[in-house]
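This report concerns only the one structure given below.
Bear in mind that the values in this text are calculations on the coordinates, not laboratory data. Worth saying up front: this structure is predicted, and the values here are computed from it rather than measured. A quick note on method: Cβ atoms are made from the backbone with ideal geometry, for glycine too, and the neighbour counts reach across all protein chains shown.
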Amino acid sequence: MSKPPKIISDKLGIAFSNISDATMEIFTPTLRLGVTGLSRAGKTVFITSLIHNLLTNASLPALSAQAEGRLIAAKLSEHPKQTIPRFAYEQHLKAITDKNPYWPNSTSNISQIRITLKFQSNNWLISRFGLSKINIDIIDYPGEWLLDLELLNMSFANWSKIALQQSLRPNSKKHSKEFFEVLKKIDLNADATEPDALILKQAFTQYLRNSKKDEGSISTLLPGRFLMPGDLEGSPALSFSPLPAQKNPVKNTSLYAMFERRFEAYKSQVVKPFFIEHFAQLDRQIVLVDVLRSLNLGHQAISDLEIALEQVLACFNTGSKNPLMQLITRKIDKILFAATKADHLHHTSHNRLETILKRLVKDATKKAKFTGAQTNSIALSSIRSTFENEIKQDGEKLHTIVGYPQKGEKLAKEIYDGKTEIALFPGDLPSEVESIFQDKKHPIKLNFLRFLPPQKFNKNDNDEIILPYIRLDKALEFLIGDWLK
Ligand SMILES: Nc1nc2c(ncn2[C@@H]2O[C@H](COP(=O)(O)OP(=O)(O)O)[C@@H](O)[C@H]2O)c(=O)[nH]1
Ligand SMILES: [Mg+2]
């Protein structure tokens, strides 16, 4: 029997591999990984570093597939769903690795990106069929949006009452003063006008912004989109504020009635669709938490953080009583809490940072009566921007970290210009974790400076930049490791 001409079999081979690639596409398993956290928690930097480290096949010792040499290839793929903005990976990487590196600009919207991994399964039966492939869809969305779940259980009158009470708390008062002044001047029973609505909404949003900036206080009953509007900036569903209770019945044309309608529209047209279309589709979730910033700001910020974490957990609770949550089924089986920016500390404090986060999450878990996914907590740095050193002071050895503080950062009387490298003793986190939570009389004396990204990067054999990290590999193993078996 004569052999078929080689050229044909080659052509067929190519055709077959094309077909199998295309058909495989449909069957490629997809893991949808949600990345969330309050604004500035470190989502953008985390995703950028995660993608870059996978694309360049960087050393990730704690990710077993990579450590065992089974991770063969990674590439960014087009996402089939074209209606959500793509995560601007290239742009963010460019900022961080620029000649004068800077952190990416802040984002306030949802975005997503797909990375496809080819790997050798360590299951002999599967590996007989060649390489395996998975898509990892990374979805970046503001944690503020999760806090809105609670609003669904409330009427406008309920919510107004609580929001107004919160704005009169000692720490909030100075920020909400202007809102109350505006409120006094407006007749709530007169016919509603758009300029009145706008003035009130702006004054209320300004109060939320200022108290978040100064106190780290995130009033947990804000409509999440007031601080993180996404693409809804300026739309009527976002143009309302809490109002004091009125004598019934209110006129249909009054400002009160208008705000009540807008509050209901916010719930049904903004909050619900987000939970149904995006949140309910996630398989895994990482929640990034800037614990150090809250520690810098003191006890009030820490207890606010705890409440926020509790509300975040409530969203993942499979036993939730919230009517919306009973409607949608959630697939999430693993949630990782990560304290970011661990490079602001010497490594001797990393375990303590992890312990503080664990304690925060543990209490939030209890209060949220959480049942559902497996959870874990770690301290990490997505892009390590400092290195460690030691100095001797008065015969005592001090662990320092060395880096470039961002322009405008202050320490004692010094204001940094963003061009000076310093060695800093950041202080140790308390060994007694409880002191942070209980000793409210003594302020926590910590001062963490914010650092610029590393000013120089090492390169790998392919002349690609290496992004240094702390425990990013450990986070990945928890989040995707079992899908690469
Ligand atoms: N030193 C250091 N700073 C970080 C790290 N991750 C985030 N940051 C800082 O935190 C800021 C907010 O991060 P970003 O990822 O934009 O937060 P997002 O709002 O949650 O997306 C950045 O501009 C950096 O200043 C990190 O791993 N190390
Ligand atoms: Mg971001």
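If I model a spin label at Asp98 and Ala412 as a point 7 Å from the Cα along the Cα→Cβ vector, what separation in nanometres do I get?
Reported label-point gap for Asp98 and Ala412 is 3.2 nm.
List every residue whose amide H lies under 5 Å from the amide H of Ser254, counting only residues 5 or more places away in sequence or on a different chain, with H placed 1.01 Å from N in the peptide plane.
Residues meeting the amide H criterion: Ala192.
What does the convex hull of the Cα atoms come to per residue for segment 55-127, in Å³?
Spread over its residues, the Cα hull of segment 55-127 gives 135 Å³ apiece.
What 222 nm value per residue comes from the helices of the chain, counting each DSSP H run with n ≥ 4 as -39,500 (n - 2.57) and dividing by all residues, nearest 500 deg cm²/dmol?
The per-residue figure over the chain is -11500 deg cm²/dmol.
Within the set of other residues whose C-beta is less than 13 Å from the C-beta of Glu277, count the net charge using Lys and Arg as +1 and Asp and Glu as -1.
Computed value for this residue: +3.
Determine the sum of side-chain charges near Leu353: Lys and Arg each +1, Asp and Glu each -1, restricted to other residues whose C-beta is under 13 angstrom from that of Leu353.
Charge balance in the 13 Å sphere: +2.
Do me a favour and compute the ellipsoid semi-axes for segment 85-133 from its Cα gyration tensor, root of five times each eigenvalue, largest one first, whole Å.
36, 15, 7
To the nearest 10 degrees, how steep is helix 194-215 against the longest Cα principal axis of the chain, on a 0 to 90 scale?
That helix lies at roughly 70 degrees to the long axis.
Over the alpha carbons of the chain, what is the largest minus smallest coordinate on each principal axis, giving the biggest first in Å?
Sorted largest first, the three principal extents are 97, 68, 42 Å.
Project the alpha carbons of segment 228-304 onto their principal axes and report the range along each, largest first, in whole Å.
Taking the Cα atoms of segment 228-304, the three principal extents are 48, 35, 22 Å.
Ser39 label point, 7 Å along Cα→Cβ, cut-off 16 Å on backbone N: hits in segment 124-150?
141-148
Quote to one decimal, in nm, the extra length available between Asn447 and Glu178 on full extension: 0.36 nm per residue of separation minus the C-alpha distance between them.
Answer, rounded to one decimal: 93.8 nm.
Once you've got the Cα coordinates, tell me which of Lys407/Lys456; Lys341/Lys410; Lys161/Lys251; Lys185/Lys212; Lys43/Lys413 are over 22 Å apart.
From Lys407/Lys456; Lys341/Lys410; Lys161/Lys251; Lys185/Lys212; Lys43/Lys413, over 22 Å: Lys185/Lys212; Lys43/Lys413.
I need the phi-derived Karplus couplings for segment 113-129: 6.51 cos²θ - 1.76 cosθ + 1.60, θ = phi - 60°, integer Hz, Gly and Pro marked x.
Calculated HN-Hα couplings, in order: 8, 10, 10, 9, 10, 10, 8, 8, 5, 9, 8, 4, 5, 6, 5, 4, 8 Hz.
Considering only the other residues whose Cβ falls under 15 Å of the Cβ of Thr365, what net charge follows from Lys and Arg at +1 and Asp and Glu at -1?
+4
Under 19 Å from a point placed 7 Å out from the Cα of Lys331 along the Cα-to-Cβ direction: which residues of segment 121-136 have their backbone N that close?
133-136
I need the shape label for segment 23-78. Rule: rounded when a/c is under 1.5, else prolate if a/b > b/c, else oblate, with a, b, c from the alpha carbon gyration tensor.
Oblate, since a/c reaches 1.5 and b/c is not below a/b.
Which of rounded, prolate, oblate describes segment 387-438, given a ≥ b ≥ c as roots of the alpha-carbon gyration tensor eigenvalues and a/c under 1.5 marking rounded, otherwise prolate only if a/b is larger than b/c?
Cα axes put segment 387-438 in the oblate bin.
Using only the alpha-carbon atoms, how far is helix 170-185 inclined from the longest principal axis of the chain? Give it as 0 to 90 degrees, nearest 10.
The helix 170-185 is inclined about 60 degrees to the chain.
Need one number: % antiparallel among DSSP beta bridges in the chain, to the nearest 5.
DSSP beta bridges in the chain are roughly 55 percent antiparallel.
May I ask you to give the average projected area over all directions of the convex hull of the Cα atoms of segment 150-274, in nm² rounded to one decimal?
Taking the Cα atoms of segment 150-274, their convex hull projects to 7.3 nm² on average.
With everything on Cα atoms, drop me the angle between helix 6-27 and the longest principal axis of the chain, reported from 0 to 90° to the nearest 10.
Orientation of helix 6-27: about 20 degrees from the principal axis.
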